[in-house]
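Engineer: Take this structure first; my questions come after.
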Amino acid sequence: MPKIYDNINNHLTKGLNETLELSQRADFCVGYFNLRGWKEVANKIDKLEGIEINEGKENILRVCRLLVGMQKMPVDILKDYFYHDENHIIDQTEAVKLKKKLAQEFKEQLTIGIPTEDDEKSLRKLSQQMKDNKVVVKLHLRYTLHAKLYLAFSNDKRVPVVGFLGSSNLTLAGLAKQGELNLDVMDQDASNKLAVWFDDRWKDRWCIDITQELIEIID
């Protein structure tokens, strides 16, 4: 039977962190993401070993992929880039300009309400995790994505993939405050299908990697 996380009787922060403690890597898909939410899981992400996966011609150490789907985007970005014909190819100059704009906009979401020295330290920690390739951040631009999905992967032969599916964004309110409803997904057929669903969106051509741009803006 699935376990319910409503942040009243069971808090998602506790369930997610206990699962990450036994995991090697993670994939998160959320509508919104901010620093105070990241602080809830950052230490566990630091301890993930990662898994080496072959992508194309090289092996890549995959630790934590973060896909964000509800960022505010300037109208001109949508008009100039997102609604191009499907066959339109963005050249390198366009891509650099687009990613810088998106990263600047996203930084405002990430850092909203940060007043303390401890918050600043946490922001630097996130920057270091991205520099160390522990965290890769992409924005999903094809359409507005409301989904909230947390996947944790381990070498447990019985339950190699654990999912959490529900209403919680990667924010302090979403992970620890009341008013949310989530379920863990232990059934491996369902978990594997969710992993495929994540990969399909992660690989979409309108899913833009802004990791490097975020590092530069934060620094």
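Engineer: Tally the residues that are basic (Lys, Arg) and over 25 Å from SER167 (Cα atoms), restricting the search to segment 184-219.
Structural biologist: In the first step, residues of segment 184-219 are kept if they are basic (Lys, Arg); the result is 193, 201, 203, 205.
Filter once more, keeping what is over 25 Å from SER167 (Cα atoms): 205.
Matching residues across segment 184-219 total 1.
Engineer: Go through segment 1-39 and give me each residue that's open to solvent by 50 Å² or more (accessible area, probe 1.4 Å) and within 19 Å of LEU214 (Cβ to Cβ).
Structural biologist: The answer is TYR32, ARG36, LYS39.
Engineer: Which condition does LYS157 not pass, out of (1) within 14 Å of the chain's Cα centre (by Cα); (2) of a type in the set (Lys, Arg); (3) closer than 19 Å to SER191 by Cα, if it passes all the others?
Structural biologist: It fails just one condition, (1).
Engineer: Mind telling me which of the residues LYS131, LYS148, LYS121 ends up being farther than 20 Å from GLN24 by Cβ, surrounded by fewer than 17 Cβ atoms within 10 Å (Cβ to Cβ) and modelled with pLDDT of 95 or more? Even if it seems obvious, please write down each step before you answer.
Structural biologist: Details: LYS148 fails: surrounded by fewer than 17 Cβ atoms within 10 Å (Cβ to Cβ); LYS121 fails: modelled with pLDDT of 95 or more.
On inspection, the qualifying residue turns out to be LYS131.
Engineer: Do the conditions hold for GLY174, that is, is it among the small types (Gly, Ala, Ser), crowded, with 20+ Cβ neighbours inside 10 Å and within 27 Å of LEU61 (Cβ to Cβ)? Outline the logic, then answer.
Structural biologist: Numbers: among the small types (Gly, Ala, Ser): yes; crowded, with 20+ Cβ neighbours inside 10 Å: yes; within 27 Å of LEU61 (Cβ to Cβ): no.
No: the conditions fail for GLY174.
Engineer: Just give me the residues in segment 154-171 being under 27 Å from LYS131 (Cα atoms) and open to solvent by 40 Å² or more (accessible area, probe 1.4 Å), in sequence order.
Structural biologist: ASN155
Engineer: If a residue has to be touching a strand residue (DSSP E or B) at 6+ places or on another chain (Cβ under 8 Å), more than 27 Å from GLY113 (Cα to Cα) and surrounded by fewer than 18 Cβ atoms within 10 Å (Cβ to Cβ) to count, how many in segment 177-194 make the cut?
Structural biologist: We begin by selecting, within segment 177-194, every residue touching a strand residue (DSSP E or B) at 6+ places or on another chain (Cβ under 8 Å); these are 180-186, 188, 190-192, 194.
If we keep only those that are more than 27 Å from GLY113 (Cα to Cα) as well, we get 183-186, 188, 190-192, 194.
With surrounded by fewer than 18 Cβ atoms within 10 Å (Cβ to Cβ) added as a condition, the list becomes 183, 186, 188, 190, 192.
Of the residues in that region, 5 qualify.
Engineer: Out of curiosity, is LEU61 more than 13 Å from LEU16 (Cβ to Cβ) and within 12 Å of the chain's Cα centre (by Cα)? Walk me through it before giving the result.
Structural biologist: Details: more than 13 Å from LEU16 (Cβ to Cβ): yes; within 12 Å of the chain's Cα centre (by Cα): no.
No; evaluated as a whole, the condition is false for this residue.
The values are calculated or read from the model by the stated rules, or taken from the named source; none is laboratory data. For clarity, every value in this text was computed on a predicted model and none was experimentally measured. Glycine also receives a Cβ, built like all others from the backbone with ideal geometry; neighbour counts cover every protein chain displayed. Ligands, DNA and RNA are stripped out before the accessible areas are found, and what is left, the full protein with its side chains, is counted by its heavy atoms. Shrake-Rupley method; radii C 1.70, N 1.55, O 1.52, S 1.80 Å.
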